[in-house]
Amino acid sequence: MTTTSPTPDRQGVQGIDAAGPGHTRRLRIVATDLDGTLLRSDGTLSPRTQAALAAAEEAGLHVVFVTGRPPRWMESVSGHIGGHGVAICSNGGAVYDVRRQALLESHPLRAADALAVVERLRSGMPGTSFAFEYPTGFSHEPDYPALLWDAESVGRIAPAEELLTAPEARSIFKILARHPELDPDVFLLRGREAAGELAEFTRSSPIALLEISATGVSKASTLARWCKERGVSAGEVVAFGDMPNDLPMLAWAGTAYAVANAHPEVLAATRRHTAGNDEDGVALVVEELLRGTGNGFAGG
């Protein structure tokens, strides 16, 4: 683990007593994914969701964004992060102070493991291209379809083997692997079969894009540590998600909801369901919690 200053606050957090079926514990943390869960399909927060987040913070809850996004993509939600200002990014690979634009901690892959992952995926699934996230930006291979609007963050463009021998390779906390043809779920399964003992494999995109972190690093692992530092147990956390990268977090949290538009695996793994991201699903549950009814829109 790499930790940089300033260090995260270690103050305890308040909470609310959530009554009603399914919510007999005191809740202190709302942990929510962003894309496909809290954000609408156009990438924005609805006025209703903005109001629900603000009300939750006012009531003593901490709202923590737990996302696959890299730290540099957090600016668009900086006004809604709450007083603590901390987000868990890159599927747990980084903890980021959004307000101060400061990396608080990161969990890089071992360079040897990163290289082995690349070699195995390229060998087993020809056509795979790679990009690498690290604290100062990201680098990618010439064939990797990088986003044009993110071009200013690109450090280098070169073959993966060359990028992984550069000094910054020691700080890589997320590998992105893209395949032009494979089904996304098949790509994930085959990636895990090829190199699952070397790293954590998951996905959150509708395309064949794998998100690869150091062994043992997930949204759940980093959120659990962040909560433990503040004396918060899993039972005091309500979590929301929509894609396979959310599954560890949803399994860890005392209360977990899938939005209606979630991946079938996520819907099957969670007993409680709420409305979709374009219908303010997270806000609906938060409003119920704040009213003290606590049952949200639980299914099953």
*What about LEU109, is it closer than 24 Å to PHE132 by Cα and modelled with pLDDT of 90 or more?*
yes
_List the residue pairs whose Cβ atoms are under 6 Å apart, where the first residue sits in the range 28-49 and is touching a residue at least 60 places away in the same chain (Cβ under 8 Å) and closer than 17 Å to LEU250 by Cβ, the second is of a type in the set (A, V, I, L, M) and part of a loop (DSSP other than H, G, I, E, B), and the two are 6 or more positions apart or on different chains._
ILE29/VAL232; VAL30/LEU61
*Kindly indicate the residue of the range 138-196 that is in a strand (DSSP E or B) and not hydrophobic (A, V, I, L, M, F, W, C) and also surrounded by the most Cβ atoms within 10 Å (Cβ to Cβ) among those meeting that condition.*
LYS174
*Please find, among GLY137, GLY60, the residue that is closer than 30 Å to GLY276 by Cβ and in contact (Cβ under 8 Å) with a residue 40 or more places away in the chain.*
GLY60
_Meets criteria (charged (D, E, K, R), touching a strand residue (DSSP E or B) at 6+ places or on another chain (Cβ under 8 Å) and open to solvent by 10 Å² or more (accessible area, probe 1.4 Å)) for GLU229_ = no
*asked:* So GLU200 passes all but one of these: (1) of a type in the set (D, E, K, R); (2) over 20 Å from PRO248 (Cβ atoms); (3) modelled with pLDDT of 95 or more. Which condition number does it fail?
replied: (2)
_Considering only residues that are aliphatic (A, V, I, L, M), open to solvent by 10 Å² or more (accessible area, probe 1.4 Å) and farther than 27 Å from VAL186 by Cα, which ones fall in the range 254-286?_
ALA275, LEU284
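The values are calculated or read from the model by the stated rules, or taken from the named source; none is laboratory data. Just so it is clear, the model here is predicted, and its values are computed rather than measured. Every residue, glycine as well, gets a Cβ built from its backbone with ideal geometry; the counts of neighbours run over all protein chains shown. Just the protein is used for accessible areas: all its heavy atoms, side chains included, with ligands, DNA and RNA removed. Shrake-Rupley method; radii C 1.70, N 1.55, O 1.52, S 1.80 Å.
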